[in-house]
Amino acid sequence: MKVRSGYISNSSSSSFVLKDWSSVPEDVRSRILNPKEYVLEVWREKGLPLGDDGNYIDREKALEMGFSENDILKYDFGWLSDIEGWEITEGNDDTLNGFTIVDNFVYPVWLRYLNVEFEAEGENWDFISDNL
């Protein structure tokens, strides 16, 4: 999969293309297409504290609880309320395509957690491949 991310003025946008979509196991496909319930499950399993509205990891509380910065980065998929901002479509060429202009839910971190291989492009995603 290729990931592209960039900044225009004070806005951000991201996109990805996952090739060979039909070869992705059904359980992983479900987690990619409907991540919210699965993300919450991961956060609960790991014991990560959530923000007041339950849509994100409370980083400050997590650090106080003894989680390392790297642990937080590994499981910080962003704001669940922003999943709806992603347009996800299946292409006719056996691809899954994602695009957003608001990337506060970080699909590339979620895909990395699911062990879906991708190639990151641009400096904005360097932390994904370097630190996880």
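Filtering segment 72-105 to residues that are more than 15 Å from the chain's Cα centre (by Cα) and closer than 22 Å to Glu37 by Cβ leaves Thr89, Glu90.
The lone criterion from (1) modelled with pLDDT of 90 or more; (2) over 22 Å from Lys19 (Cα atoms) left unmet by Glu90 is number (2).
The values are calculated or read from the model by the stated rules, or taken from the named source; none is laboratory data. Every value quoted in this text rests on a predicted model; they were computed, and no experiment measured them. All Cβ positions, glycine included, derive from the backbone under ideal geometry; neighbour counts span all protein chains shown.
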